Every structure is written in structure tokens, then in C-alpha cells.
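What follows is a single structure, and I will ask about it in a moment.
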Amino acid sequence: RWPSLLKYYSHRDSVSWLEEYKARHNAGLEAQRIVASFSKRFFSEHVPCDGFSDIETLGCPSHFFEDELMCILNMEGRKGLTWKYYAKKILYFLRQQNILKNLKEYLQRPTERQSFLEGAVLIDQYCNPLSDICLKSVQAQVDDITDKVRKVLRTKNPRHPSLASKAGEVLIPEVELQRQVLDAMNCVLYEQLKYKGNELDYYNSLNSYIHQVLIRRTGIPISLSVLYLTIARQLGVKLEPVNFPSHFLLRWCQGKEGSTDIFDYTYIDAFGKGKQLTVKECEYLIGHHVTEEFYGVVTSKEVLQRMVGNLLNLGKRESTDQSYQLLRDSLDLYLAMYPDNVQHLMLQARLYFHLGIWPEKVLDILQHIQALDPSQHGAVGYLVQHTLEHIERRKEELGPEVKHRSDEKHKEVCFSIGLIMKHKRYGYNCVIYGWDPACMMGHEWIRNMNVHSLPHGPHQPFYNVLVEDGSCRYAAQENLEYNLEPREIPHPDIGRYFSEFTGVHYLANTELEIRYPEDLELTRATVQKIYSSGKE
């Protein structure tokens with residue numbers, strides 16, 4: 001019944017299976033209770049930072065609780081969409097909390113016990129908490145590549161010390177033997193397995209995730225360098241990471257070990273098929289001269305900082321993701337490593353403020369910034385004032401606004417909640433999750449969107465729609481039409497509003513139905529009329 005739990009048991013364990021079953025069963029009931037409560041508690045707002053407090057004090061084994069969440073997410077069919085939506089949020093939170101704990105433990109270890117590969121896996125896991133990523137499986141894939149390198153090496157030099165069973169534990173001192181290893185690595189990685197730098201899609205976040213680098217066999221300089229360095233060290237060659245500007249590199253010592261002379265090293269470009277470079281060629285690579293400090297070796301923490309920095313920059317660029325999830329995740333990671341960095345704390349406070357979420361946490365962050373750097377009092381004061389206003393407005397909010405179609409002011413509203421629509425002008429497919437009898441946006445939005453150029457202007461019904469590209473839009477009635485070939489809308493927030501997709505329309509969940517109590521009947525009648533006549 002629960003095959004994913006097998007990994008928690010050993011054949012040598014003496015287990016009372018009845019007790020284990022009871023514990024798993026009770027954890028399942030607890031998970032279902034919490035998931036069911038989330039829609040009612042948090043429909044009108046983003047799940048607050050203290051919304052997960054009852055999960056953090058679970059009275060059941062966390063792996064049983066997570067297993068039930070996975071069962072909910074893996075339910076077949078198009079039902080249970082709201083349960084899946086909140087189960088996903090809870091699982092996301094639980095796993096990220098656990099990964100952050102592992103990252104902090106990793107950072108507290110002595111430097112020599114901080115594997116570059118493990119650090120890259122932790123970043124990957126945090127940004128993709130619902131994916132099945134573990135160090136053991138990533139290491140197994142790297143070991144497989146290492147074995148392929150050994151086979152090539154064996155054909156070139158059957159007595160090479162890297163072929164010994166204990167290879168990797170002892171570094172190879174002779175430069176020529178090290179060169180043979182690197183040549184074999186380049187042959188396997190770039191000729192046999194066709195790894196390459198992703199020049200065509202350089203700013204894709206997948207290039208930064210080590211498990212995706214292994215699947216897609218492409219990446220950016222730093223992710224490919226982590227892979228290259230890990231394989232080399234397993235074969236007895238000590239390569240070191242170099243935080244070179246604009247293009248991460250590795251260095252290979254040709255002189256006395258530990259030399260501070262930058263000319264005693266050859267520099268390796270894992271992005272450029274393992275090409276070996278001189279100091280002058282490194283400068284040609286980026287097009288300008290750099291000082292000696294940029295050729296120095298960096299720690300595992302500094303490597304992670306650069307990896308997270310890349311993701312931060314990508315998160316700022318991602319304008320299509322309205323939740324800014326990548327930016328939020330990378331800020332969490334950065335502040336786990338550098339909790340007192342004022343610049344990134346301010347960015348986090350501004351981001352939450354912009355998204356209108358977690359105002360209490362915004363105040364905590366601002367208080368921390370003020371303590372660290374009193375010169376920030378102007379920006380801090382502005383955000384504190386507006387955040388307190390936001391909290392007060394939220395307290396003043398009454399219950400949900402209920403919109404009855406029978407009201408005279410709603411007589412012009414033609415479409416209803418759950419209908420799959422098509423935009424006449426832009427052609428996108430969407431589903432309606434809210435409506436207003438006239439445009440409720442401010443004058444600036446109306447002007448920017450050129451609403452007055454529409455024949456009916458702002459004085460017509462407008463609809464909140466979830467669009468297939470993951471965005472949320474506000475569309476005029478005259479721009480929408482029925483979609484005669486309805487299909488599911490792959491939007492991340494679909495479960496927040498709907499419980500089921502029938503094949504032709506969506507069914508509002510309990511919370512949305514409370515707000516639009518007469519829409520379901522109209523939606524069913526409309527669907528019956530449109531799609532039955534279409535078949536005829």
C-alpha cells in the first residue's frame with residue numbers, strides 16, 4: 001500500500017507492523033484534516049508564515065505525514081484539485097524546512113568535509129523540493145561517469161594509479177599522470193557523453209540544478225565545473241575552484257603545491273569542453289584584464305554563494321512568474337548563508353511587501369535591518385508605515401463579498417465561474433474565477449491598458465481569469481468568447497479556486513461557491529447549451 005516507505009526500514013529491523021500501520025493511518029488522517037482546513041483558512045490570502053505552525057508540531061512521524069501528502073498529490077483523475085493545491089504547498093514547506101536544516105549543518109562542518117557536489121545538491125533540492133533529488137542518486141550518476149573515464153584511461157595506461165581500488169583517496173603527484181586523467185575525462189564528458197556549455201539557453205535556471213545538468217548534459221560554467229572537479233578528485237587529481245569574473249573556472253597546479261604564483265597554474269574551462277588556459281587566455285575569455293586576486297581559490301561556501309547569486313539574478317529576470325518563487329527560494333538560501341546581509345534582507349522585505357504577503361514577517365525583517373544598519377531608517381520607516389497600514393486594512397475586512405446574479409446591477413454579466421474561455425484578440429485559453437459588473441481597476445491601470453479604446457470601455461463586465469501561461473489577468477467581456485474545444489488550464493493556482501475539471505468546465509470549490517452562489521447552475525446550463533449544440 002505504501003511502497004515509498006520501504007526505504008525507512010531494514011530487513012534486520014524487528015518491527016511491529018500493526019503499530020507501524022496504526023501510526024501511518026493516523027498520520028494520514030491528520031494530514032487530511034490539515035489539508036482540508038487550509039482552503040477555508042487561507043482562501044482569501046496567501047498562506048501566512050505562521051500558517052504552518054500546527055504542521056511544525058506534528059504528533060506523528062513526519063515521513064508518514066509526507067507520504068500521505070504525496071498520496072493526495074498522486075490521486076488520479078481531475079478531482080481533488082483543491083486538496084492537491086494545499087497538499088503541494090504544505091509538502092513544499094516541510095521539505096524546504098528540512099533542506100535548510102541540512103544546509104546549515106553542512107555549513108558548520110570543517111571545510112575539508114564540505115563536498116562541492118553535496119552543496120550543489122542542497123541548492124537543487126531547495127529550489128525543487130517536490131522533485132525526487134537525493135545526494136545518493138546524484139553521486140551514483142557521477143560514479144558512473146567516473147567508471148567510464150577509468151575504462152578510457154585503462155586503454156591508454158593500464159598501470160595508471162587511478163585504476164587502483166583506493167583511487168581518489170590518494171592524490172596523484174606526477175603532473176603527467178594527472179594530465180592523462182584530464183584527457184580521459186575530456187574524452188568521456190565532451191566526446192562520448194556530449195556534455196557542453198548551454199550557450200543557446202544560458203539563462204535557463206535548469207542549467208544551475210545539478211540533477212538537470214546530468215539529465216540534459218548541459219549547464220553553465222559553475223555547474224559544469226562542480227561536476228568536472230568532483231570527477232577529477234575521485235580519480236586522484238586535485239582541481240580547485242576559481243571565482244573568476246563572468247566565467248567560473250578551475251585551476252590545476254603545475255608547480256609547487258600551494259603556490260601563490262598564478263602562473264604556476266593551468267586554468268580549466270569546464271564550459272568550454274575542458275579547455276586548458278593560461279592566465280593571458282583567461283583574460284581573452286572575458287575580454288579584459290583582471291587582478292591576481294581573481295585567480296585565487298575559493299571555499300565551498302563561496303562557490304554556493306555564487307551559485308545562489310546566479311539564481312537570484314534569474315529570479316529577478318523572471319517576469320512571467322507572478323509568485324517570484326525562484327527569487328524567494330534563492331533569497332532564503334542566500335540569507336541562510338549570510339543572515340545579516342542588509343542588501344538581501346531589504347530585497348526580501350520589499351519582495352514580500354510587493355506581493356502583499358506575510359506583513360508580520362516583513363516587520364521582523366525591517367526590525368533586523370534597522371538593528372544592523374541604522375542608516376537604512378528612511379527606507380525602513382517607509383515600509384514599516386505601509387506594512388502597518390496593510391495589517392490594519394486586513395483587520396477591517398469583513399467577510400467574503402457575495403455576488404448574486406439575480407441582482408439588477410449584475411444583469412449584464414454574461415459568463416460565469418468555471419467556464420473555459422478564449423481571448424478574441426490574444427488567443428489565449430483561460431478559465432473564469434471571478435467577475436465584476438464593471439472594471440474595478442484604478443484610473444492608472446485603465447489608462448495603461450488602453451481600456452477606453454474598447455467599444456464599451458470600462459463600463460462593461462470584467463473577468464478575473466487564470467491563463468494557460470500561468471498568469472492571472474483581468475479581461476473585458478467583449479474580448480472573451482466560449483472556447484469550443486475546452487481543455488484543462490495548466491495554472492499553478494487552479495486548485496485554489498476549483499475542486500474538479502469535468503472535461504468541459506471547472507467546478508468551483510466550496511469557498512469560491514460561497515462568493516458566487518448562483519454561478520454553478522448557470523455554468524452547467526451554458527455548457528449543456530454550447531457543447532450539445534456543437535455536437536449536433
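Name the shape class, rounded, prolate or oblate, that the alpha-carbon gyration tensor gives for the range 4-108, where a ≥ b ≥ c are the square roots of its eigenvalues, rounded holds for a/c under 1.5, and otherwise prolate holds if a/b is larger than b/c and oblate otherwise. Please report the intermediate quantities before stating the final value.
Numbers: a/c = 1.96, a/b = 1.25, b/c = 1.57.
Judged from the Cα gyration tensor, the range 4-108 comes out oblate (a/c at least 1.5, b/c at or above a/b).
Here is a further query. Just grab the label-to-label distance for residue 412 and residue 493, each label 7 Å out from Cα along the Cβ direction, in nm (one decimal).
2.5 nm
Still on this structure, I have one more. Please state the shape class of the range 354-397: rounded when a/c is under 1.5, otherwise prolate if a/b exceeds b/c and oblate if not, all from the C-alpha gyration tensor. Please report the intermediate quantities before stating the final value.
Values: a/c = 2.76, a/b = 2.15, b/c = 1.28.
Prolate, because a/c is 1.5 or more and a/b exceeds b/c.
Of the heavy-atom accessible surface of the range 4-108 (probe 1.4 angstrom), what whole percent is carbon and sulfur? Numbers along the way, then the final one.
On the way: 3170 of 6130 Å².
The nonpolar share, carbon plus sulfur, comes to 52 percent.
Mind checking the full-extension length gain between residue 109 and residue 405? Use 0.36 nm per residue of separation minus the Cα-Cα distance, one decimal, nm. List each step's numbers first, then the result.
On the way: separation 296, 0.36 × 296 = 106.56 nm, distance 6.30 nm.
Once the chain is fully extended between residue 109 and residue 405, it gains 100.3 nm.
Share of the range 354-397's accessible area from carbon and sulfur, percent, 1.4 Å? Walk me through the intermediate numbers first.
Working: 1470 of 2750 Å².
Result for the range 354-397: 53 percent of the exposed heavy-atom area is carbon or sulfur.
If you roll a 1.4 Å probe over the range 404-536 with all protein chains in place, what percent of the accessible area is carbon or sulfur? Before the final figure, lay out each step's value.
Values: 3490 of 6990 Å².
Carbon and sulfur: 50 percent of the exposed surface of the range 404-536.
Compute and list, largest first, the equivalent-ellipsoid semi-axes of the chain from the alpha carbon gyration tensor, each √(5λ) rounded to a whole angstrom. Don't skip to the end; give the middle numbers.
Details: eigenvalues 507, 161, 126 Å².
In descending order the semi-axes read 50, 28, 25 Å.
Determine the alpha carbon to alpha carbon distance for each of 238/301; 403/529; 40/79 and list only those over 20 Å.
Numbers: 238/301 18 Å; 403/529 24 Å; 40/79 18 Å.
Correct reply: 403/529.
Accessible area, 1.4 Å probe, largest first: how do 211, 288, 386, 160 sort? Walk me through the numbers before you get to the answer.
Numbers: 211 30, 288 90, 386 55, 160 5 Å².
So, going from the largest accessible area down, we get 288, 386, 211, 160.
Counting alpha carbon pairs within less than 8 Å and at least 6 residues apart, what relative contact order, in whole percent, applies to the chain?
On the way: 707 pairs, mean separation 64.4, N = 536.
For the chain, the relative contact order is 12 percent.
Size of the dipole of the chain about the Cα centre, Lys and Arg at +1 and Asp and Glu at -1 on the beta carbon, nothing else charged, in debye to 20?
Using Cβ point charges on Lys, Arg, Asp and Glu, the chain gives about 1340 debye.
May I ask you to evaluate 6.51 cos²θ - 1.76 cosθ + 1.60, the Karplus curve with θ = phi - 60°, for each residue of the range 508-514 and list the ³J(HN,Hα) values in order in whole Hz, giving x for glycine and proline?
In residue order, the calculated couplings are 4, 6, 4, 5, 6, 5, 4 Hz.
Classify the range 135-303: rounded, prolate or oblate, from the alpha-carbon gyration tensor (a ≥ b ≥ c, eigenvalue square roots; a/c under 1.5 rounded; otherwise prolate if a/b is larger than b/c)? Walk me through the intermediate numbers first.
Numbers: a/c = 1.72, a/b = 1.12, b/c = 1.54.
Oblate, because a/c is 1.5 or more while a/b does not exceed b/c.
Ignoring ligands, DNA and RNA, what accessible area per residue does the chain give at 1.4 Å, in Å²?
On the way: 28120 Å² over 536 residues.
Value for the chain: 52 Å² per residue.
Please report the Cα spread of the range 408-531 along all three principal axes, rounded to whole Å, starting with the longest.
37, 34, 26
Largest first, please: the extent of the C-alpha atoms of the range 382-481 along each principal axis, to the nearest Å.
Ordered largest first, the range 382-481 gives principal extents of 43, 32, 26 Å.
In addition: For the chain, what is the calculated [θ] at 222 nm in deg cm²/dmol (nearest 500), taking -39500 (n - 2.57) for each run of four or more DSSP H residues and dividing by its residue count?
-15500 deg cm²/dmol
How high is the FRET efficiency between residue 436 and residue 15 when r is their beta carbon distance and R₀ equals 41 Å, given to the nearest 0.05? Working shown, then result.
Details: r = 58 Å, r/R0 = 1.42.
The pair residue 436/residue 15 has a calculated efficiency of 0.10.
Once fully extended, how much extra length lies between residue 373 and residue 263, figured as 0.36 nm per residue of separation less the alpha-carbon to alpha-carbon distance?
Numbers: separation 110, 0.36 × 110 = 39.60 nm, distance 4.14 nm.
Result for the pair: 35.5 nm of gain on full extension.
Just reorder 183, 67, 493 by solvent-accessible area, largest first, 1.4 Å probe, all chains present.
On the way: 183 80, 67 15, 493 40 Å².
So, going from the largest accessible area down, we get 183, 493, 67.
Can you give the accessible area of residue 302, probe radius 1.4 Å, in Å² rounded to 10?
70 Å²
Can you pull the three principal axis extents for the Cα set of the range 91-173, in Å, largest first?
The Cα atoms of the range 91-173 stretch 51, 28, 15 Å along their principal axes.
Also, I was wondering about something else. Order these peptides, 497-503, 121-127, by their mean beta-carbon neighbour count within 10 angstrom, highest first. Kindly include the intermediate steps, with their values, before the conclusion.
Working: 497-503: 19.7, 121-127: 23.6.
My ranking of the peptides, most packed first, is 121-127, 497-503.
The values are calculated or read from the model by the stated rules, or taken from the named source; none is laboratory data. These figures come from a predicted structure and were not determined experimentally. Here Cβ is always computed from backbone atoms with ideal geometry, including for glycine, and neighbour counts include all displayed protein chains. Accessible surface is based on the protein model in full, side chains and every heavy atom, while ligands, DNA and RNA are left aside. Shrake-Rupley method; radii C 1.70, N 1.55, O 1.52, S 1.80 Å.
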